[in-house]
Amino acid sequence: MAASGQPPVPPALSAEQAKAVLAEVIKAFGAPENAQRMEEARDNACNDMGVLKFARLIKSYESQDPEIASMSGKLKAMFLPPMTLPPHGAGTGGVAAS
């Protein structure tokens, strides 16, 4: 709640609107004709505050709606390279569990 006693501001997008936006973004990023623009978007994504605000909003809906969580995962996979887990064992520099 706001400290000034005013009611909290509602989110910029409802869950349904967020779903629609995610679906359109995934569709656009998946189109072959957008491949070059997709590369540019990956390069510039870390510099766009709007992306961060949108990502925070979507994150807040992920726990409430499994469809949003699924679409969010697809979108993240487009921007983030797949991660491989390092081998476990002695000599890897990791901290042993106790």
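What the table below lists for this structure:
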item: Whole-Hz ³J(HN,Hα) from phi, Karplus 6.51 cos²θ - 1.76 cosθ + 1.60, for segment 52-61, glycine and proline x; result: 5, 5, 5, 4, 5, 5, 4, 4, 5, 8
item: Rg over Rh [alpha-carbon atoms, Kirkwood Rh] for segment 13-63; result: 1.01
item: Karplus (6.51, -1.76, 1.60) ³J(HN,Hα), θ = phi - 60°, over segment 17-22, in Hz, Gly and Pro reported as x; result: 5, 4, 4, 4, 5, 4
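Read the figures in this text as sums done on the coordinates, not as results from a lab. Because the structure is a prediction, the values reported are computed rather than measured.
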